[in-house]
Structure formats: structure tokens, C-alpha cells
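Below: the structure, in C-alpha cells.
The values are calculated or read from the model by the stated rules, or taken from the named source; none is laboratory data. In this text, all values refer to a predicted model and were calculated from it rather than measured experimentally. We place every Cβ from the backbone using ideal geometry, glycine too, and count neighbours over all the protein chains shown. For accessibility, only protein heavy atoms count, side chains too; no ligands or nucleic acids. Shrake-Rupley method; radii C 1.70, N 1.55, O 1.52, S 1.80 Å.
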Amino acid sequence: MEFEARNSTEAALHEYKSGLGVFTQKMPEFAKHFNAFTEECFKEGALSQREKQLIALGISLYTQDEYCIIYHTKGCIDQGCSEQEILEAVGVTAAFGGGAAMSQAVTLVQECIEDLNQLKQ
């Protein structure tokens, strides 16, 4: 059965996960170590997982990494961040990343928030 995305955010998340699956099949040891490393980075510690997702979203915006922007916007929502908290993190990023970060924020981040909230319903 072929996957049918309900919106562009879900389609991008599916595309990323599919690509990651193919890469994992081709490079299992690399993927295993990379996944272990990132899992360790996002574990609860002195910083909460919530705070780490907000940081990751900011870095994703600053570096213009669209898949990570989508993935970490979802991570923020999954960790219970409010839209206001996400948008404040976006504002801090825009202070450093200027127009490029802001353009992703007012388009992709807001679209992701809307799409992900619709999927919850």
C-alpha cells in the first residue's frame, strides 16, 4: 500500500524517513553510530528535551536545512512547546540569521505548525 500524505509536512517527514531507511540499509554501521550519537545528544539532561528541540530548530533555521526545520518543528510540538514558544525561538534565530532565517520562519515553520496541529485532530 502506497503512503498518501495528508499535507506537505507529513509528506516531507515521510520522504525523510524513507531516505533514512534506504541509507541505513546501505550504511548500517554508520547509521547505527550516527543514530546512537544523536539519541544521546537529545536525551534529557541539564537541558530538557524540549529545550534541546527549540535549540535544534533555531540551528536548523540558521543553516536553512528544510528537512531539519520540519523535523525539529515537529520535535518541539511533540515535546509540548506552544506556538508562542516556537515563534520566540524563531525570533532569537532571526536576530542572528537575519532575513534568511525569518523567511523560513514565516513560511515553513508556520506551515508545519498548522499541518501538524491538523494531523492531531
- Note on the structure: Per the beta carbon screen (other Cys under 4.7 Å), unpartnered cysteines of the chain come out as CYS41, CYS68, CYS112
- Once every DSSP H run of n ≥ 4 in the chain is given -39500 (n - 2.57) and the sum is divided by its residues, what mean residue ellipticity at 222 nm do you get, rounded to the nearest 500 deg cm²/dmol? -25500 deg cm²/dmol
- Item | Euclidean distance of C-alpha centroids, the stretch 5-31 and the stretch 69-121, integer Å | 21 Å
- Gain upon complete extension [GLU40, GLU85; 0.36 nm per residue less C-alpha separation]: 13.8 nm
- Task: Express the carbon and sulfur contribution to the solvent-accessible surface of the chain as a percent, rounded to the nearest whole number, probe 1.4 angstrom.
- Result: 57 percent
- Message: Given the options ALA94, GLN121, HIS33, identify the residue whose Cα lies farthest towards the positive end of the charge dipole of the chain (+1 on Cβ of Lys, Arg; -1 on Cβ of Asp, Glu).
- Response: HIS33
- Message: Taking the solvent-accessible surface of protein heavy atoms with a 1.4 Å probe, what is the per residue accessible area of the chain in Å²?
- Response: 64 Å²
- Note on the structure: Rounded to one decimal in nm, the spacing of the 7 Å Cα→Cβ label points at THR63 and GLU2 is 3.3 nm
- Item | Within straight-line cross-link reach of LYS120, lysines at Cα separation under 27 Å, skipping those fewer than 8 residues along the same chain | LYS17, LYS43, LYS52, LYS74
- If you average the sequence gap of Cα pairs under 8 Å that are 6 or more apart and divide by the length of the stretch 1-100, what percent do you get for the contact order? 25 percent
- Applied in sequence order to the stretch 33-46, the curve 6.51 cos²θ - 1.76 cosθ + 1.60 (Karplus, θ = phi - 60°) yields integer Hz couplings, x standing for Gly and Pro, of 6, 5, 4, 4, 4, 5, 4, 5, 4, 9, 5, 4, x, 4
